[in-house]
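The values are calculated or read from the model by the stated rules, or taken from the named source; none is laboratory data. Being a predicted model, the structure only gives us computed values, none of them experimental. Counting neighbours? That spans all protein chains shown, and the Cβs are built from the backbone with ideal geometry, glycine included.
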Amino acid sequence: MPYRVVQWGTGNVGSYALRAIHNHPELELVGLIVSNPEKEGRDAADFAEIPRTGIRATTNVDEALALQPDCVCYTGASEHRLFEAAKDQARVLARGIDLVSSSLFMLQYPESDIPGFVENLEEACRTGGSTAFNNGIDPGFANDLMPLVFTALSEYWTDVRVQEIVNYSTYVQEDTIREVMGFGHPLDHECMLFAKGALSMGWGGTIRSIAAGLGVVLIGVLEGIAITIALSVVAFTNNARRPYRAELGRIPRVRGYHDLSRHPDANRVDSIAIVRFDAPLFFANSGIFGDYVRLIAETEPRPEHLVLAAEPITSIDSTAIDQLIAVDDYLAQAGVDLVFAELKDPVRDRLIRHGLAERFGPERFAPTVGAAVDAILGHERDDIGNPSDRN
């Protein structure tokens, strides 16, 4: 036995729905509801490309619902009569009639910021023991389900972007085109589409359904910015607390100085330990810095000189300065000279303001790591052809 269906609406979507219902072997068109009095009494065939049906259009909703259909296909306009459309649907549902619709498309993923909007429809469903299904093409299919299909077919993806591009000259709904979207008005016209919350109400469900399908947690834009900033601060602090650090050495006939732990063919330069510490020096990492320098100084064969590749050290606080003094004292007692290479002028100025100009005199600083090594060895590097490459 076919399902008995009442079609509500004969507009852009309703005319196609009317034809589809008539042509479907498992559906029986039993009634047609219209809102325009001029359509009253006309055969359903006048609104779709179908043979004469004997089904007459009516503006009397109760009369059509009294036919006791199994389902109502509701396609009445909702863009400028949102709450009226919701009341229409609740009226059907409360009578125990199931409903399918493309009107309240924002409910394709049923969640709304409008107080009571979804709850009223849910209450109508409970009252009548009925079900409601609001969906469409956009939102509802093209920009909801298709992204999930395409991401499932992809080996990997980094972001999902959805756009609606439509030829609105063929969209026969003047109120929607003009008053909702603003076509035909000056650019500064305040159309409904750009009212506060309108876009998120219309297409927020699309974002939520895609996120649910992909297992992504959604947050608001401002909240997202705040969380991003907070995570960036945490990441910066964590990286600064435990930065990259290494002892550097030379690789024969290769420019620069390289991490001994990553390059097996690199070697310490004679009695010189070259230490790199990639972070500003402050209270959270100064202890790590001190411990690492002491570790390098105690590594056999013990160095006689320690060059600090200080270019990544962009700042230093008072706690770190105290640690630096303690490290310098430790190295001096161990017979190791400390030299700074590429230390930035603002950091050096900070040491001077701290009263350390005499401790860390000009002889303790070198413009590059290569210059520091050459000065200690008393000769330039001779395994690189171009002298400018020796650093």
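Matching residues to (1) aliphatic (A, V, I, L, M); (2) more than 17 Å from GLU342 (Cα to Cα); (3) surrounded by fewer than 18 Cβ atoms within 10 Å (Cβ to Cβ):
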position	(1), (2), (3)
LEU248	yes, no, no
ILE251	yes, yes, yes
VAL269	yes, yes, no
VAL275	yes, no, no
PRO280	no, no, no
ASP291	no, yes, yes
ALA297	yes, yes, no
VAL307	yes, no, no
GLU311	no, no, yes
Among the residues of the range 248-262, the number that are in contact with a helix residue (DSSP H, G or I) (Cβ under 6 Å, 6 or more places away or on another chain) and either not basic (Lys, Arg) or not assigned by TED's automatic domain parsing to the domain that holds GLY370 (or both) is 1
Which of the residues spanning the range 168-211 are among the charged types (D, E, K, R) and under 29 Å from THR158 (Cβ atoms)?
-> ARG208
Just give me the residues in the range 6-36 being in a loop (DSSP other than H, G, I, E, B) and either of a type outside the set (A, V, I, L, M) or outside the structural domain of GLU79 (by TED's automatic domain parsing) (or both), in sequence order.
-> GLY9, THR10, GLY11, ASN12, HIS24, PRO25, GLU26, SER35, ASN36
Condition test on PHE360, is it surrounded by 13 or more Cβ atoms within 10 Å (Cβ to Cβ) and either of a type in the set (A, V, I, L, M) or over 47 Å from the mean Cα position of the chain (by Cα) (or both)?
-> yes
List the helices (runs of 4 or more DSSP H) that sit entirely inside the range 313-384 and contain at least 1 residues that are hydrophobic (A, V, I, L, M, F, W, C), at pLDDT 95 or above and not assigned by TED's automatic domain parsing to the domain that holds TYR257.
-> none
Expected single match for at pLDDT 80 or above, part of a helix (DSSP H, G or I) and basic (Lys, Arg) among ARG161, ARG178 is ARG178
Consider GLU155 carefully, then state whether it is farther than 25 Å from VAL72 by Cβ and either loosely packed, with under 14 Cβ neighbours inside 10 Å or outside the structural domain of ALA86 (by TED's automatic domain parsing) (or both).
-> yes
Considering the range 25-60 alone, what residues qualify as being in contact (Cβ under 8 Å) with a residue 12 or more places away in the chain and touching a Pro at 6+ places or on another chain (Cβ under 8 Å)?
-> PRO25, GLU26, LEU27, GLU28, VAL30, GLY31, THR59
Wholly within the range 37-139, helices (runs of 4 or more DSSP H) carrying at least 3 residues that are under 30 Å from GLU164 (Cα atoms) | 82-94, 117-128
State yes or no: is ALA124 at pLDDT 90 or above, surrounded by 14 or more Cβ atoms within 10 Å (Cβ to Cβ), within 23 Å of ILE210 (Cα to Cα) and not polar (S, T, N, Q)?
-> no
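Conditions tested, residue by residue: (1) touching a helix residue (DSSP H, G or I) at 6+ places or on another chain (Cβ under 8 Å); (2) part of a loop (DSSP other than H, G, I, E, B).
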site: LYS196; (1), (2): no, yes
site: ALA212; (1), (2): no, no
site: VAL217; (1), (2): yes, yes
site: ALA246; (1), (2): no, no
site: PRO264; (1), (2): no, yes
site: ILE274; (1), (2): yes, no
